[in-house]
1. Considering (1) basic (Lys, Arg); (2) under 21 Å from residue 65 (Cα atoms); (3) surrounded by 22 or more Cβ atoms within 10 Å (Cβ to Cβ), say which one residue 178 fails and leave the rest.
2. Do you know which residues across the stretch 37-57 are surrounded by 20 or more Cβ atoms within 10 Å (Cβ to Cβ) and either in the same structural domain as residue 167 (by TED's automatic domain parsing) or assigned to a strand (DSSP E or B) (or both)?
3. Identify, by number, the condition in (1) in the same structural domain as residue 197 (by TED's automatic domain parsing); (2) more than 15 Å from the chain's Cα centre (by Cα) that residue 129 doesn't meet.
4. Here's a check for you: in the stretch 75-85, which residue that is assigned to a strand (DSSP E or B) and within 24 Å of residue 41 (Cβ to Cβ) is nearest to the chain's Cα centre (by Cα)?
5. Within the stretch 114-139, can you find the residues that are charged (D, E, K, R) and farther than 16 Å from residue 198 by Cβ?
6. Could you look through the stretch 298-317, keep only residues that are modelled with pLDDT of 50 or more and within 20 Å of the chain's Cα centre (by Cα), and pick out the one that is nearest to residue 37 (Cα to Cα)?
7. Would you point out the residue of the stretch 58-84, among those that are touching a helix residue (DSSP H, G or I) at 6+ places or on another chain (Cβ under 9 Å) and either aliphatic (A, V, I, L, M) or touching a residue at least 24 places away in the same chain (Cβ under 8 Å) (or both), that is surrounded by the fewest Cβ atoms within 10 Å (Cβ to Cβ)?
8. Among the residues that make up the stretch 233-250, is at least one of them in a loop (DSSP other than H, G, I, E, B), within 25 Å of residue 122 (Cβ to Cβ) and modelled with pLDDT of 95 or more?
Amino acid sequence: MNNKPVTSLSLQHLQTFNFQIINKLGSSKVPVYLIHSSEQQQYFALKLFPYDEDRINTAYLNEFRFRALSHPNVISVVRTHDKQKSSHKGKTFYASYIIMEVASYGDFASIIKTSTMFQEEKLLRTFFHQLIDGIEYLHSQGIAHMDIKPDNLLLSADFKLKIADFDSAHFKRDERIKSRGTRNYRAPEVKEGSCEDGEAADVYSAAITLFVLNSGFFPYIEDVRIEGHDLQELMKAEDPNFWEIHRKLQKNSYIDFSPSFKELFFSMVKSDVVERATIEDIKKSHWYNGPIYSPKEVEAKLSTLLPKPAMKLETSD
């Protein structure tokens, strides 16, 4: 990671929070920058939401509502600002931004592209516990994330999973669920725009995420037949051929789904929301209650499996 300050973006520093922009971390829906506060001697992530002409970014307005969340497996927000004068390549504009703790190992989508670590069932289960703990906390606050996927799961310097990106999240008190989720991760009712239970939608997306982390492949591709097979229909029918077809399709890759994994997965992706597993059901399942690593064991294991971040980052509490 380059630790020289970038000069392409300029933000007027706040009186109470001076910082220096170090590097660009990514840009999915909006750009994210690594920043350093000399006063606090800490690195943070800054998520920038440019104004749309004179209008505040609607994604910022939604994500702003979730700034007070506090859980070990949910990204922490340090502060927010809704109108900050900025400049980029000589052009001045207004933007809102959210300053968050930084996860120095990046997102899980990037990790699975370069590592097969989640193919070890015990390690996969360990992080799935953290994911479920984070989701359970959100649900206890009346919040559905509505876009659970590896891209929105971050790994901190102390090897903790952090749920991030709340621009699609939903409060139970909201009039209706607007999110359409992400293709291939979303529940059928989210895709159809008929979702009334955000918590159940999160469970479905968590199951797809679990499958992807384990295998590196989607369980199905929406509206696409794979070598003549409708994998989504086979999954919905809990057809044993679903697993056999995946084994053949992924013949050049390691894949080994245990019977208890298959049972849990099918319970979480039921099309009927009433029949779909709840968080409580998941935590009672046989696969979930298998062995997991302690935090010290995770640190020792991942220290050898993952390349060290180019910069040692101090994250906020």
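The values are calculated or read from the model by the stated rules, or taken from the named source; none is laboratory data. Keep in mind the model is a prediction, meaning the values are calculated, not measured. Cβ placement follows ideal geometry from the backbone for every residue including glycine, while neighbour counts extend to all protein chains displayed.
1. (3)
2. Filtering the stretch 37-57 for residues surrounded by 20 or more Cβ atoms within 10 Å (Cβ to Cβ) gives 43-49, 57.
If the condition is that a residue be surrounded by 20 or more Cβ atoms within 10 Å (Cβ to Cβ) and either in the same structural domain as residue 167 (by TED's automatic domain parsing) or assigned to a strand (DSSP E or B) (or both), then 43, 44, 45, 46, 47, 48, 49 are the ones that fit.
3. Tallying (1) in the same structural domain as residue 197 (by TED's automatic domain parsing); (2) more than 15 Å from the chain's Cα centre (by Cα), residue 129 fails exactly one: (2).
4. First pass over the stretch 75-85, keeping only residues assigned to a strand (DSSP E or B): 77-85.
Cutting the leftovers down to within 24 Å of residue 41 (Cβ to Cβ) gives us 77-81, 84.
Numbers: 77: 15, 78: 19, 79: 20, 80: 20, 81: 23, 84: 27 Å.
It comes out as 77.
5. So the first thing to find is which residues in the stretch 114-139 are charged (D, E, K, R), and the list is 120-122, 125, 133, 136.
120, 121, 122, 125, 133 - these are the residues of the stretch 114-139 that are charged (D, E, K, R) and farther than 16 Å from residue 198 by Cβ.
6. Among them, the one singled out is 309.
7. Filtering the stretch 58-84 for residues that are touching a helix residue (DSSP H, G or I) at 6+ places or on another chain (Cβ under 9 Å) and either aliphatic (A, V, I, L, M) or touching a residue at least 24 places away in the same chain (Cβ under 8 Å) (or both), the one surrounded by the fewest Cβ atoms within 10 Å (Cβ to Cβ) comes out as 72.
8. No - not one qualifying residue is present in the stretch 233-250.
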